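The values are calculated or read from the model by the stated rules, or taken from the named source; none is laboratory data. None of the values given here were measured: they were computed from a predicted structure. All Cβ positions, glycine included, derive from the backbone under ideal geometry; neighbour counts span all protein chains shown.
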Amino acid sequence: MHISAEDIIVETIRADGSPTAPGEAGEIVVTHMATEEFPFVRYRTGDVGVLTDAPCSCGRGLPVLAEVQGRTTDFVVARDGTIMHGLALIYTVRDLPGVERFKIVQESIDRTEVLLVTNNRFEPESEARIIRDFRVRLGADVDISVHRVTDIPPERSGKHRYVTSKVAVGLHRETPTSA
């Protein structure tokens, strides 16, 4: 993906704000000064991506964003420090019969909460499966709390997030997982 370097600067940064090296994943940060009314200076997008210093095969010569990996809050951290995409947890919940909506909140490295809006098809053993599967991925001693609720309000942006992690993620340590 070409970056229109004529009018914007795209950087990737680590959780501590330091720049990543080419080929290293980090949060995408954008500076756009072309709009006089409202310039964006180091705007943190919340997306995780990888910049490369390799030239594009088209020969144009613009900087290249090699890949976009997801959102920073889509990543969770296991007790052993392994960083994985939130899909590793989402797959367990989303396919369960009777789950209408859900939200997974990683409160800390030791505690994760699962909010569920369910219907009458949700079975009691499904709750045990969530706890078991999450502990396999996050750690055997992690406290997994499952709460059935009547509603899950959207974020301030109006969007619904499936996974929110309050654990600081060192983005350069991401480990791929199979779901």
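Annotation note: Cβ proximity below 8 Å between a residue of region 1-14 that is at pLDDT 90 or above and a residue that is part of a loop (DSSP other than H, G, I, E, B) (sequence gap 6+ or interchain) occurs for 10/3; 10/63; 12/20; 12/24.
Among the residues of region 93-116, write down those that are polar (S, T, N, Q) and free of Cβ contacts under 8 Å to residues at least 40 places away in the same chain. Don't jump to the end; show me each part of the working.
Applying the first criterion (polar (S, T, N, Q)) to region 93-116 yields 106, 108, 112.
Matches in region 93-116: 112 only.
Candidates in region 41-61 are the residues that are more than 16 Å from residue 28 (Cβ to Cβ) and among the hydrophobic types (A, V, I, L, M, F, W, C); of these, the one that is modelled with the lowest pLDDT is 56. Kindly check whether there is at least one residue in region 9-18 that is crowded, with 16+ Cβ neighbours inside 10 Å, within 19 Å of the chain's Cα centre (by Cα) and closer than 30 Å to residue 130 by Cα. Looking through region 9-18, none of the residues is crowded, with 16+ Cβ neighbours inside 10 Å, within 19 Å of the chain's Cα centre (by Cα) and closer than 30 Å to residue 130 by Cα.
Out of curiosity, is residue 40 closer than 17 Å to residue 167 by Cα and in contact with a strand residue (DSSP E or B) (Cβ under 7 Å, 6 or more places away or on another chain)?
Values: closer than 17 Å to residue 167 by Cα: no; in contact with a strand residue (DSSP E or B) (Cβ under 7 Å, 6 or more places away or on another chain): yes.
It is false that residue 40 is closer than 17 Å to residue 167 by Cα and in contact with a strand residue (DSSP E or B) (Cβ under 7 Å, 6 or more places away or on another chain).
Residues are listed down the side, and each one gets a yes or a no for (1) farther than 14 Å from residue 12 by Cβ; (2) buried (at least 19 other Cβ atoms within 10 Å of the Cβ); (3) assigned by TED's automatic domain parsing to the domain that holds residue 162:
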position: 42; (1), (2), (3): no, no, no
position: 49; (1), (2), (3): no, yes, no
position: 52; (1), (2), (3): no, no, no
position: 57; (1), (2), (3): yes, no, no
position: 61; (1), (2), (3): yes, no, no
position: 81; (1), (2), (3): yes, no, yes
position: 86; (1), (2), (3): yes, yes, yes
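Filtering region 115-149 to residues that are touching an Asp or Glu at 6+ places or on another chain (Cβ under 7 Å), under 15 Å from residue 94 (Cα atoms) and in a loop (DSSP other than H, G, I, E, B) leaves only 119.
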